[in-house]
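The next block holds one structure in the form of structure tokens; read it before the comments.
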């Protein structure tokens, strides 16, 4: 069998290392072409995962296993199910878009910039398909390094502060996960995540392990009140860094809930349901109000991401087919929508070198094509029917109403708050008379930017109009996950 997962992990890393050898700025065109080829090939090798996937089974597919550290039963053990497989395609596609978007914007240390994204793409793919706990931890930690460098080297004026804060938050949280992984190994004598699903654990032990895993993954999501690193990281990160951070990196945290917490710690998960739901609703409602007060587009979108990821964790802890599928679809949708919004901000930043809302106004008068794309993505962020943003939110709200009317009501406020802060931003930036001479000098999107935004728009509309193929892929794996959550381990 062709090792598609190994190729998905190590091909982008190999291309990233290869790009590093083209390390002079005068050779930047060569570095860009190699990086684009690497991104394209890395995406193409993930397509057989979709077309060759069998949605009628919850078993892990495309499994590869080899010895790594046999003394501690640590293996190179990878595989995907209906939950993890779509995220490999999303990550590889977004990496390709990021390389494409930086074709002109990045002029210094081009090879290093492209290499960082390619290497990070491979490491993220490894985290999504790792079935060995220690292998997951290695990928989970290693993927922080390229993003730390991306923010710290190519970021804005406060990039060093933002990079260090991002690194410390995510690193310290994941150290507790390492303790939890070692404990599970001691009681099971294996690092196999699949086998951990069957290990009996007392409620007190599950509670402690829940805290360890929760702090690690909640920082990454990020959940309130562990979210403060994200609004600092986004404004300082370059456009590509913001795209991958919002579209992919946050999803690793939410993925940890469904791969570790829910199936391995079902009793603790049910016991602490109210706690997680409360934090999710605070993220949806309170952070929505915080987003209304923002004066910077990237900070506003960052807070919007926190609110939308609150929907994801809320859906997971409804413990229903609708809720879990809604949360997963919301993750995929948010990957497209948040990436699209940050790409739009990047288009304007490349021209004006600012993302403060007050510096714009009347952009539609000089960039009508761009304004049309940004309207579509803004509507998707609001949750307009026919866009991907509607599908996941609708399923989660439906699951919440079936569980508790008031929880559903609180969750539904995101439709109002999301419309308020998103349309407020759009109105101030796009509509009205031309605000200043800098806006008057703007030029509409070129052919490269047009095709890039059109490709993202196609994903937003495809999921919004016909989400069935995506939900069908997830359905059996989600049903199997719910059987683990319902089964006590005491």
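Computed from the coordinates by the stated procedures, all read-outs in this text should not be read as laboratory data. Owing to the predicted nature of the structure, the values given are computational and were not obtained by experimental measurement. FYI the Cβ positions are ideal-geometry reconstructions off the backbone, even for glycines, and counts take in every protein chain you see.
Overview of results
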| quantity | calculated |
| --- | --- |
| Between helix 273-292 and the chain: long-axis angle, C-alpha atoms, 0 to 90°, nearest 10 | 0 degrees |
| Relative contact order of region 276-490, defined on C-alpha pairs under 8 angstrom at six or more residues apart (%) | 28 percent |
| Extension gain (nm, one decimal) between residue 468 and residue 273, 0.36 nm per residue minus Cα-Cα | 67.3 nm |
| Region 255-376 shape via C-alpha gyration tensor axes, a/c threshold 1.5 | prolate |
| Sequence-separation-based contact order of the chain, relative, with Cα cut under 8 Å and 6+ spacing, percent | 16 percent |
| Euclidean distance between Cα centres, region 342-364 to region 169-198, Å | 44 Å |
| Principal-axis tilt of helix 368-382 within the chain, Cα atoms, nearest 10 degrees | 30 degrees |
| Helix axis angle, 203-220 relative to the chain longest principal axis, alpha carbon, degrees | 20 degrees |
| Least to most buried among 345, 199 (fewest other Cβ within 10 Å first) | 199, 345 |
| Relative contact order for region 18-138, counting Cα pairs under 8 Å that sit 6 or more residues apart, in percent | 36 percent |
| Neighbour-count order for 437, 141, 393, 449, fewest beta carbons within 10 angstrom listed first | 437, 141, 449, 393 |
| Least to most buried among 121, 378, 333 (fewest other Cβ within 10 Å first) | 378, 333, 121 |
